[in-house]
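The values are calculated or read from the model by the stated rules, or taken from the named source; none is laboratory data. Since the structure is predicted, the reported quantities are computational estimates derived from the model, not experimental observations. A quick note on method: Cβ atoms are made from the backbone with ideal geometry, for glycine too, and the neighbour counts reach across all protein chains shown.
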Amino acid sequence: MENFEVSDAGDILVDTKQLDWLDVGGGTYFKILRACIKTGEWALYVKMNPGAKFQPHRHQGSGQFFITKGELIYDVGKADMGTYGFEPIFAEHFEAGCNEETEMLFIGNGAVTYFKDDKSVDYVFDAETLINLQKGTAKLDIGV
């Protein structure tokens with residue numbers, strides 16, 4: 001992955017201003033900050049256009065987010081700018097989106113399973129998928 005500074009101690013610094021937004025469908029864009037195949041951990045900076053919605057999904061590991069701009073409206077409530085959220089392992093979200101331009105930091109552990117309308121599995125994304133997305137060898141469409 002480009003635009004990373006890694007120190008001898010293993011610290012990572014990522015200048016998000018140097019990263020391109022990656023279109024992941026439905027009016028949502030990612031900047032991949034970290035993706036580790038060994039641990040399954042990943043970190044994203046997410047931008048959602050007004051009206052963007054996520055396809056129904058299940059987190060196979062826990063997730064954490066912090067809203068830096070706008071709002072995230074989903075099954076458990078509305079998270080406005082400045083809100084921190086934690087999503088436990090196997091959290092399912094059948095409604096998730098925003099009404100205004102939204103940006104957030106999202107930190108995930110493990111895979112996320114996305115569902116079709118009939119609730120069958122459409123696809124799964126994980127740290128390896130994100131690495132391949134960054135390389136341009138994978139594509140995501142997480143939008144409704």
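Quick notes on this one:
- Residues (among the small types (G, A, S) and more than 20 Å from K31 (Cβ to Cβ)) located in region 48-70: G51, G61, S62
- If the condition is being among the β-branched types (V, I, T) and at pLDDT 85 or above, then region 1-33 contributes I12, V14, T16, V24, T28, I32.
- Those strands (runs of 3 or more DSSP E) of region 1-100 in which at least 1 residues are among the small types (G, A, S), considering only elements entirely within it, cover 28-35, 41-48, 63-69, 77-80, 84-87.
Results for (1) surrounded by fewer than 18 Cβ atoms within 10 Å (Cβ to Cβ); (2) of a type in the set (A, V, I, L, M, F, W, C); (3) touching a residue at least 24 places away in the same chain (Cβ under 8 Å), shown as yes or no for each residue.
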residue: D20; (1), (2), (3): yes, no, no
residue: F65; (1), (2), (3): no, yes, yes
residue: T83; (1), (2), (3): yes, no, no
residue: E100; (1), (2), (3): yes, no, yes
residue: L105; (1), (2), (3): yes, yes, yes
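- Consider region 117-135 and keep the residues that are in contact with a Leu (Cβ under 9 Å, 6 or more places away or on another chain) and not polar (S, T, N, Q). The one that is surrounded by the fewest Cβ atoms within 10 Å (Cβ to Cβ) is Y123.
- Residue match in region 131-139 (condition: assigned to a strand (DSSP E or B) and under 29 Å from D11 (Cβ atoms)): no
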